[in-house]
Each structure stands twice: as C-alpha cells, then as structure tokens.
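Participant: Quick one: structure below, then a few questions.
The values are calculated or read from the model by the stated rules, or taken from the named source; none is laboratory data. Given the structure is predicted, the values throughout are model-derived calculations rather than measurements. We place every Cβ from the backbone using ideal geometry, glycine too, and count neighbours over all the protein chains shown.
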Amino acid sequence: MKSVVVTGVSTGIGWGAAKVLSRKGFRVFGSVRKSEDADRLTAEFGGNFVPLVFDVTDEGAVRAAAAKVRNALDGHTLAGLVNNAGISVAGPLLYLTPEEYRRQFEVNIIGVIIATQAFAPLLGVDKDLKGPPGRIVNISSVGGRNATPFLSPYNASKFALEGLSESLRRELMSFGVDVIVVAPGPVATKIWDKAAEVDYSRYDNTPYAGALGRARDYMLSRGPKGLKPEILGRAIWKALTVARPKVRYTVTPDGFQNVLVNVLPKRVVDRMIAARLGLTR
C-alpha cells in the first residue's frame with residue numbers, strides 16, 4: 001500500500017485530499033491540530049487514515065510525526081507529501097501590522113519548509129529506503145500568480161510558495177523526487193461562513209472602508225459557488241500518480257481566472273479590479 005502525508009486535513013482541501021486518497025487505496029497520514037479532529041476523521045475515513053497531531057510551525061512536533069511515519073513505513077519510501085496547511089490574513093497593507101505578516105509567512109512558508117525538511121528523507125532522499133521516490137505537492141492558489149487587493153499577506157505567501165516550489169523541484173531532481181504545484185480557485189467550504197463574521201471595523205476610518213465592504217461581498221458571493229473539496233482531492237491524486245505530471249495544475253470553476261493571469265495585460269487587470277472595488281481616483 002502506498003502512503004502519503006497530507007498536512008491540514010481537518011477541513012477544506014486537506015479533507016478532500018484525505019477522502020479521495022484513502023478511497024483510492026492510499027494510506028493517508030493526515031495532520032490536524034486537535035485530537036478531537038483526529039478522532040472524527042479516523043471514524044470518517046476508516047483504516048486507511050492515520051492521524052498525526054501537530055502544528056506545522058512546531059518543528060519538534062513535525063519531526064516527531066516524521067519519525068512515527070518512518071516506523072510505519074518499515075524501511076520503504078513515502079509516495080507523497082502534500083503541503084496543504086495554511087491560513088489567510090486579510091486587510092489593507094498600510095494598516096496591517098508586521099506581526100500579522102509574520103504569522104502569515106510562519107504558517108504558509110516556514111511551515112512548508114519545516115514539513116518538507118522533516119519528510120523529504122522518507123520520499124527517497126534517504127537512499128537506504130526501499131521503493132521508488134515520492135512526490136511533493138504544494139497547494140498554492142490562483143492568488144499565487146494574480147494578487148487581489150486586501151489579501152497581500154496571503155498572496156505574497158503563495159507567490160513565495162511558487163518560487164520555493166520551482167527551486168525545490170530543481171534541487172531534488174538528483175533524488176528523483178518531483179515537486180508539483182496545485183493552484184485552486186475558490187473552494188466551497190465552511191471558511192466562507194467564517195469570512196462573513198470577520199470584523200473590519202478597525203478600517204472604518206480609513207480610505208479603504210467602502211472598498212473593503214465591496215471586496216468582502218464579492219468574495220462571499222463567489223465562495224459558495226466554488227469547487228467541492230473532493231475535486232481538489234482528485235487533482236492532488238492525479239499530481240501524485242500520473243506518469244508525467246505537469247509542474248503546475250490550476251483548478252478553478254472560473255475560466256476567466258486563467259485569462260486574468262495569462263492573457264490580459266496587468267494594467268488592464270488593475271483597472272478592472274479598481275473599477276469593481278471603487279479604488280479609482
């Protein structure tokens with residue numbers, strides 16, 4: 001049985017990946033931060049799911065989990081590491097604190113580095129293990145190439161993840177370990193319910209108050225129409241299993257996102273977004 005580690009599986013994309021991969025016959029080691037989530041998912045996914053309880057920013061806990069996985073592999077390689085765990089910090093750059101940016105990067109970038117360093121030996125960097133080398137799938141976003149106003153912390157972290165993935169892919173070629181990016185658009189999860197409850201009153205007396213309200217309304221209208229987590233799970237399964245994977249898979253319900261990123265000039269996109277949110281002079 002092939003084994004894969006997926007970080008951040010309690011909800012959303014990670015949950016979808018754990019569901020699809022476990023049903024495709026993978027043994028899924030899935031990370032959560034709460035023991036109650038570990039119990040819930042074990043009951044939900046059955047014997048192919050093994051919970052790992054850690055926060056990706058806790059290096060000691062991640063390395064302890066990697067040791068647990070190594071023991072379970074019994075001298076064989078890990079088929080994949082899916083770096084999915086992440087958070088999103090929102091707000092206008094001029095009014096966010098440096099600490100908020102540090103928290104964003106601590107989870108979305110440093111957490112990826114910690115997990116990758118801990119599990120890479122099991123993917124085949126350790127030549128003493130038996131079996132073919134595994135793959136790393138990093139979960140980016142359409143926001144890793146097209147940035148949205150008021151999401152600069154999140155967008156910056158995903159732009160960084162894209163560069164990290166490209167460098168890492170080339171560094172790991174000598175080990176046969178591939179690195180693939182999956183970049184989703186909006187995903188229909190409970191996160192949109194939480195987004196509706198975010199308090200933006202701290203910005204009421206800033207020039208961005210009106211635009212923030214319009215941006216939130218737009219995002220909330222798109223979120224429930226987003227992709228089901230299982231669709232992302234299938235994309236991740238494909239990235240882990242196809243013979244000749246692409247280096248990047250964009251998965252979005254809105255084909256216009258690809259136009260924004262790949263076709264239209266940046267200045268045109270700037271004007272479109274500014275007009276929609278009322279950011280023009």
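Participant: Just the residues that are among the polar types (S, T, N, Q) and more than 20 Å from the chain's Cα centre (by Cα), please, taken from the range 42-92. Lay out the reasoning, then the answer.
Facilitator: Taking the range 42-92 and keeping what is among the polar types (S, T, N, Q), we get 42, 48, 57, 71, 77, 83-84, 88.
Hits for the range 42-92 are 42, 48, 71, 77.
Participant: Checking residue 174 against (1) loosely packed, with under 14 Cβ neighbours inside 10 Å; (2) small (Gly, Ala, Ser); (3) modelled with pLDDT under 80: exactly one of these is not met. Which one?
Facilitator: (3)
Participant: Given the options 111, 47, 60, 91, name the one that is of a type in the set (Gly, Ala, Ser), surrounded by fewer than 21 Cβ atoms within 10 Å (Cβ to Cβ) and under 24 Å from residue 159 (Cα atoms).
Facilitator: None of the other options fit; the residue is 91.
Participant: Determine, yes or no, whether residue 131 is in contact with a Pro (Cβ under 8 Å, 6 or more places away or on another chain), farther than 28 Å from residue 226 by Cβ, surrounded by fewer than 20 Cβ atoms within 10 Å (Cβ to Cβ) and not basic (Lys, Arg).
Facilitator: no
Participant: Next up: Regarding residue 114, is this residue assigned to a helix (DSSP H, G or I) and either in contact with an Asp or Glu (Cβ under 8 Å, 6 or more places away or on another chain) or not hydroxyl-bearing (Ser, Thr, Tyr) (or both)?
Facilitator: For residue 114, the condition - assigned to a helix (DSSP H, G or I) and either in contact with an Asp or Glu (Cβ under 8 Å, 6 or more places away or on another chain) or not hydroxyl-bearing (Ser, Thr, Tyr) (or both) - is met.
Participant: Something else now. Scan the range 71-88 and give yes if some residue there is assigned to a helix (DSSP H, G or I), crowded, with 22+ Cβ neighbours inside 10 Å and without any contact (Cβ under 8 Å) to a residue 60 or more places away in the chain, otherwise no.
Facilitator: no
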